[in-house]
């Protein structure tokens, strides 16, 4: 069996396991249900069809993604390796004629596909609501870009979860660290940056650079920019970013999210490949 066949077989197993995970199913159902509710309420509240309705729906979906998707990705990523180490199944798996790189890529690909399925369900339902209401034709490219940004955020958080899982041996510890990081990324990001900038009197450029260290903040800025909203609502850092980087700003956000997806995953594999307890 070739390496690609092994990776795909392991990915299918991870995908099936994720779909049987009650917490993952709960997150997916919650995301889909809330996406449907927010889309309907936003369009109904707008009172008109077209781009205004799309903008209200997109703004609601941005906040929904920021709340649920990092939690989902961090949770399943944090359990990816540590849970099998704790049960002893990882040693059994590696006793087979399978390399560690194939195991790692198979697990990552399977969980990435499960996140894609979850996002497709939620955004698909929301898109159907907008099409039926007459708002979906406003700017389909902006909606597709929003979905792509949300998926990049999920991959970034999944990679962070994998890194946590590779550094620990107990699934409960991994999940606890993942939840702590979720709180930090989602709830303490804005407050932390505001407090730090006020206490240290940071220059605007440094404040913007600091915001790039939080993938949730990067997604939020990119998503707001994507729906043609002004970054003024993000304060001085947003104004600085628009005036300083101009048309290249979205590319900077995309590259930053891509780095957040690649670098932690690479570090997680380096740790997994060099573990001596397997």
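The values are calculated or read from the model by the stated rules, or taken from the named source; none is laboratory data. Since we're looking at a predicted model, the values are computed, not measured. Reconstructed Cβ throughout: ideal geometry from the backbone, glycine too, with neighbour counts over all protein chains shown.
Might you let me know whether region 87-101 holds any residue that is modelled with pLDDT of 90 or more, touching a helix residue (DSSP H, G or I) at 6+ places or on another chain (Cβ under 8 Å), surrounded by fewer than 20 Cβ atoms within 10 Å (Cβ to Cβ) and assigned to a helix (DSSP H, G or I)?
Of the residues in region 87-101, the ones modelled with pLDDT of 90 or more are 100-101.
Add one more test, that the residue is touching a helix residue (DSSP H, G or I) at 6+ places or on another chain (Cβ under 8 Å), and what stays is 100-101.
Then keep just the ones that are surrounded by fewer than 20 Cβ atoms within 10 Å (Cβ to Cβ); that gives 100-101.
Subsequent filtering for residues that are assigned to a helix (DSSP H, G or I) retains 100-101.
There is at least one residue in region 87-101 that is modelled with pLDDT of 90 or more, touching a helix residue (DSSP H, G or I) at 6+ places or on another chain (Cβ under 8 Å), surrounded by fewer than 20 Cβ atoms within 10 Å (Cβ to Cβ) and assigned to a helix (DSSP H, G or I).
When region 256-278 is filtered for residues that are surrounded by 13 or more Cβ atoms within 10 Å (Cβ to Cβ) and over 17 Å from residue 107 (Cβ atoms), the ones remaining, listed by number, are 256, 257, 258, 259, 260, 263. A single member of 24, 38 is at pLDDT below 85 and closer than 22 Å to residue 73 by Cβ, and it is 38.
Considering 9, 75, 57, the condition of being within 30 Å of residue 143 (Cβ to Cβ) and at pLDDT 85 or above is satisfied by 75 alone.
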